[in-house]
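Here is the structure we will look at.
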Amino acid sequence: TIDPAATLETTRGCPYAPPKQHLRLLREQPVAKVALPTGGEAWVAARYDDIRTILTDPRFTADRRHPSMPRLAEDTGSGLAESPLPKMMLEMDPPEHGPARRAVVGEFTVRRMAALRPRIQQIVDEHLDAMLDGPKPADLVRALALPVPSLVICELLGVPYADHDFFQIHSAQLLNRRATEDERRHAILELAVYLDKLIKTKEQEPADDLLGRQIAKQREKDGAVDGPALLSLAFLLLIAGHETTANMISLGTYQLLRDPGTLAALRADPAKTVNAVEEMLRYFTIAEFAMVRVTTADVELGGTVIPANSGVFMLANAGNRDPEVFADAQRFDIDRGARNHLAFGYGAHQCLGQNLARVELEIVFETLLRRVPGLRLAVPEEQLAFKEDSTVYGMHELPVTW
Ligand code: HEM
């Protein structure tokens with residue numbers, strides 16, 4: 001049995017498996033109390049069903065500024081927990097959350113995402129052109145994984161072309177775990193000033209993009225524009241949609257390069273890319289430590305009582321390997337039909353950008369395999385650097401050649 005005072009493991013060891021402790025918890029103690037690396041305590045839930053139960057239970061709050069909200073590190077990465085900006089929808093509970101989400105949900109429909117496809121394809125092609133024209137080996141993270149989602153967010157928010165470089169440089173810096181605290185804070189400030197100006201410009205000159213439409217909607221509804229709320233929204237989309245997608249691009253490419261059978265199957269039938277993306281999302285579950293809540297009452301779960309005001313991490317990476325739901329769960333199998341995975345969360349806060357992420361990933365992998373037939377790792381697998389130091393898992397670099 002597990003020592004209840006055991007410290008929560010946050011590093012994976014094996015780059016494509018959950019921390020061993022999480023799989024042990026799933027088997028032996030699926031609802032458990034653990035010590036945190038920061039010194040505090042929290043609860044964890046590892047089973048697929050329990051995670052879905054928590055994510056739909058109104059006795060859990062998503063308020064990231066709640067005093068009992070557990071932290072894995074002193075610095076959570078984005079600096080937004082201490083942000084003076086208004087609450088983001090990610091941190092809201094009912095009745096506040098519904099209206100905030102409904103105001104933008106129309107921007108992320110499957111139809112709107114389909115309309116973005118040609119532009120995403122163009123962004124991917126341009127970056128592959130540049131990579132293929134440049135020196136070998138190339139770092140796929142810098143050549144493709146970071147710029148693609150960044151430019152897609154530019155497209156979404158209506159950042160003018162002339163500002164793309166500024167936007168990309170600062171948002172990459174914001175996500176750069178190897179930058180100093182000061183450098184990161186500077187990047188946040190620069191982006192906040194930039195986005196604030198962008199919103200003010202769009203207030204003057206109506207624009208047919210996400211921010212422009214939000215401005216028009218707010219004016220129609222309230223007769224005024226809530227600038228800070230729009231800034232908060234723009235920042236949330238940037239934070240939630242950039243590094244996540246970038247990490248899935250690098251990890252997904254890595255997975256394909258170490259799995260020649262799957263690579264060949266996808267080359268033979270690119271239509272399978274859709275299912276491959278779902279399986280990659282399940283297999284890596286990069287945002288598991290982002291799924292965190294606090295109990296607002298005593299809650300009984302599978303025979304264990306979690307007291308009120310307890311922090312709870314949903315170990316979705318373990319949940320996505322739950323044998324009750326996924327047969328032979330440790331195997332990467334693009335034909336399993338993994339769309340019911342927990343990588344995008346579940347319930348009211350389930351990822352708003354999931355359709356966008358899916359489209360981006362499908363286009364990237366389909367194009368990469370089609371256009372770069374000889375793609376391979378440029379260094380031995382042991383030399384690859386994985387992000388073990390962040391709440392979102394990924395790769396620091398992915399040296400490739402072709
Ligand atoms: C929420 C994962 C891409 C925007 C979430 C949540 C997860 C997640 C797990 C739920 C957090 C919780 O329950 O507390 C991912 C992954 C992505 C991805 C793995 C990429 C593969 C994106 C993109 C966007 C986006 C591209 C938009 C540009 C959001 C927003 C929320 C969210 C706005 C908050 C929704 C709410 O609170 O109602 N995401 N995400 N995400 N995601 Fe994503």
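Computed from the coordinates by the stated procedures, all read-outs in this text should not be read as laboratory data. Computed from a predicted structure; not experimentally measured. Backbone-built Cβ (ideal geometry, glycine too); neighbour counts: all protein chains shown.
Would you mind counting up the charge near residue 400? Only other residues with Cβ under 14 Å from its Cβ, with Lys and Arg at +1 and Asp and Glu at -1.
Values: positive: 136, 142, 258, 371, 376; negative: 139, 381, 397.
Overall, the nearby charge balance is +2.
Can you put 104, 392 in order of Cβ neighbours within 10 angstrom, beginning with the fewest?
Details: 104 17, 392 21.
The fewest-first ordering by Cβ neighbours comes to 104, 392.
Can you tell me the Rg and Dmax of region 274-402, counting just the alpha carbons, in angstroms?
For region 274-402, the Cα radius of gyration and maximum Cα-Cα distance read 17.7, 56 Å.
Run the Debye formula on the Cα coordinates of the chain, all scatterers equal and no solvent, and tell me log10 I(q)/I(0) at q = 0.07, 0.14 1/Å.
Rounded to two decimals, the profile gives -0.32, -1.35.
What does the charge count near residue 216 come to, summing +1 for each Lys or Arg and -1 for each Asp or Glu among other residues with Cβ under 14 Å from its Cβ?
Working: positive: 202, 213, 217, 219, 221; negative: 107, 203, 205, 208, 209, 220, 222, 226.
Local net charge: -3.
Arrange 315, 151 by Cβ neighbour counts within 10 Å, fewest through most, would you?
Ranked by crowding around the Cβ, least crowded first: 151, 315.
Can you grab the distance from the C-alpha centre of region 172-225 to the C-alpha centre of region 38-73, Å, no decimals?
Comparing the Cα centres of region 172-225 and region 38-73, I get a distance of 29 Å.
Arranged by the count of other C-beta atoms within 10 angstrom, fewest first, what order do 379, 325, 159 take?
If I rank by nearby Cβ atoms, fewest first, I get 379, 325, 159.
Summing +1 for each Lys or Arg and -1 for each Asp or Glu, what net charge is found among the other residues whose Cβ lies under 12 Å from the Cβ of residue 376?
On the way: positive: 136, 258; negative: 381.
Here the charged neighbours net out to +1.
Please list 3J(HN,Hα) in residue order for region 107-118, calculated via the Karplus relation 6.51 cos²θ - 1.76 cosθ + 1.60 where θ = phi - 60°; whole Hz, with x for glycine and proline.
Those phi angles translate into 7, 10, 5, 4, 5, 5, 5, 4, 5, 7, 3, x Hz.
In terms of the Cα gyration tensor, with a ≥ b ≥ c the square roots of its eigenvalues, is region 65-218 rounded because a/c is under 1.5, prolate because a/b exceeds b/c, or oblate?
oblate
Antiparallel as a % of all DSSP beta bridges within the chain, to the nearest 5? Could you put the intermediate results ahead of the total?
Working: 18 of 22 bridges.
The antiparallel proportion sits near 80 percent.
Find the centroid of the Cα atoms in region 266-286 and in region 316-382, then give the distance between the two in whole Å.
With region 266-286 and region 316-382 each reduced to a Cα centre, they are spaced 5 Å.
Using amide H atoms built 1.01 Å from N in the peptide plane, name the residues 5+ places from residue 332, or on other chains, whose amide H lies under 5 Å from its own.
Long-range HN contacts for residue 332: none found.
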